[in-house]
Amino acid sequence: IEELCNIIPSNIRNKVYCMHINNRELINIIEKEGFNLVKVEES
């Protein structure tokens, strides 16, 4: 996540979607930094 923050400016992070993150701590950081998280709903 730190490397993504260094590469991607904060004003365009809302266009980046992170996938396959199953760790609540990482999810919180991702959302705090302005990235989107792909949420898969089971049916």
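The values are calculated or read from the model by the stated rules, or taken from the named source; none is laboratory data. Note that the structure is a prediction, hence the values are computed from the model and not measured. All Cβ positions, glycine included, derive from the backbone under ideal geometry; neighbour counts span all protein chains shown.
Things worth noting here:
- Summed over segment 1-26, the residues that are in contact with a strand residue (DSSP E or B) (Cβ under 8 Å, 6 or more places away or on another chain), at pLDDT 95 or above and among the β-branched types (Val, Ile, Thr) give a count of 1.
- Beta carbons closer than 9 Å, at least 6 apart along the sequence or on distinct chains, pair a first residue in segment 15-43 that is within 17 Å of residue 5 (Cβ to Cβ) and basic (Lys, Arg) with a second that is surrounded by 11 or more Cβ atoms within 10 Å (Cβ to Cβ) and modelled with pLDDT of 95 or more for 15/8; 15/36.
- Only one entry of 33, 42 meets the criterion of being of a type outside the set (Gly, Ala, Ser) and modelled with pLDDT of 95 or more, and that entry is 33.
Residues checked against (1) of a type in the set (Val, Ile, Thr); (2) in a helix (DSSP H, G or I):
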position: 4; (1), (2): no, yes
position: 22; (1), (2): no, no
position: 29; (1), (2): yes, yes
position: 42; (1), (2): no, no
